[in-house]
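Input: a single structure, listed below in structure tokens.
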Amino acid sequence: MKRLVVATGITAALIAIGATGCGGDSSDTSSGPASPEDVALSYWNAYAEGDGAGMCDEMSADFFGTAGADSCAQTAAVLAERGDMDSPEVTDSQVNGETAKVTVTGSQGVTYVTDMLQEDGEWRVDNAQQK
């Protein structure tokens, strides 16, 4: 079951990602697994930069679906125009086994709760909701 993102003003764009996404294949080659906070920040930085591929790389397969990268790139470009998540910072994090909730706030005070899960031993964004 695909999850829908509920976020004021961008619901339709994010639902389009959830329905037609582009995978969750990260190519990070760091020395160890990234923390849920690191992955959430990477996702929101990609959002801020309009980097659809970067957003795709951090998403779970279930959240993103199986469509191509074009959908991610188009949606990310629309989201980046909002400018509400420049300089994202983790403001709260709660890890519970293989799931986590990471709260991230942008420079304009917009806050998202980012649901995370471990998929094949790596943290992935599984949903996001504006707080």
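All of the numbers you see were taken from the coordinates with simple rules; none came from a lab. These figures come from a predicted structure and were not determined experimentally. Note that each Cβ is placed from the backbone with ideal geometry, even for glycine, and that neighbours are counted across all protein chains shown.
Listing for the model above:
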read-out	value
Karplus (6.51, -1.76, 1.60) ³J(HN,Hα), θ = phi - 60°, over the stretch 120-131, in Hz, Gly and Pro reported as x	6, x, 10, 6, 9, 6, 10, 4, 8, 9, 5, 8
Nitroxide proxy distance, nm - points 7 Å out along Cα→Cβ at GLN108 and GLU89	1.8 nm
Ranked by how many other beta carbons lie within 10 Å on average, peptides 47-55, 87-95 from highest	47-55, 87-95
Net charge of Cβ neighbours under 15 Å - reference GLY109; Lys, Arg +1; Asp, Glu -1	-2
Mean Cβ neighbour count within 10 Å, used as a protection proxy, ranking 57-65, 102-110 highest first	57-65, 102-110
Whole-number Å³ per residue for the convex hull built on Cα positions in the stretch 70-131	92 Å³
Net lengthening on full extension, THR99/ASP120 (0.36 nm per residue, minus Cα-Cα)	6.3 nm
Average Cα contact separation per residue, the stretch 33-116, under 8 Å, 6 or more apart, as relative contact order %	28 percent
Potential extension, GLU81-SER35 segment - 0.36 nm per residue separation minus Cα distance	13.8 nm
